[in-house]
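Student: Supplied in structure tokens, the structure appears directly below.
Quick note: the coordinates plus some simple rules give every number you see, no bench work behind them. Note that the structure is predicted; figures quoted are calculated from it, not measured. Neighbour counts are summed over all protein chains in view; Cβ atoms, including those assigned to glycine, are modelled from backbone coordinates with ideal geometry.
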Amino acid sequence: MAYTLVLHIMNTDPIVGEAEELPSANATLIIVSNVRRMDGKDVHYVAENTTKVVWPLDRINFIEVMGEEHEEEIIGFVRE
């Protein structure tokens, strides 16, 4: 089962992606596929043809795990 995650990475905007498993308590890395910004656009520092990204957990402030019923409700910042 893939998990949809929101990664809050230090000094950058949060990103959304899928992970096959949640990191264990002693993990040092997280592997995420299909990374995108909260608004669905590409992440500018990840190459177009990248399939998976590996982040060290010490660069991540916290991780949100989205439930299936909330996946379509991910909304970024909106200015009016």
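Student: Under a Cβ-Cβ cut-off of 10 Å, what is the net charge of the residues other than residue 14 that fall near it, where Lys and Arg count +1 and Asp and Glu count -1?
Tutor: -1
Student: Next up: Find, to one decimal place in angstroms, the Kirkwood hydrodynamic radius of region 3-69, where the mean of 1/r is taken over every pair of different Cα atoms and then inverted.
Tutor: Working: mean 1/r = 0.0821 Å⁻¹.
With all distinct Cα pairs of region 3-69 included, I get 12.2 Å.
Student: If you rank 65, 53 by fewest surrounding Cβ atoms within 10 Å, what's the result?
Tutor: On the way: 65 11, 53 18.
Going from least to most buried by this count: 65, 53.
Student: Summing +1 for each Lys or Arg and -1 for each Asp or Glu, what net charge is found among the other residues whose Cβ lies under 13 Å from the Cβ of residue 50?
Tutor: Neighbour charge sum, excluding residue 50 itself: 0.
Student: Expressed in nm to one decimal, what extension gain is obtained for the pair residue 3 and residue 38 from 0.36 nm per residue of sequence separation less their Cα-Cα distance? Intermediate results must be reported in sequence, preceding the final value.
Tutor: Details: separation 35, 0.36 × 35 = 12.60 nm, distance 1.56 nm.
Taking 0.36 nm per residue and subtracting the Cα distance, the gain is 11.0 nm.
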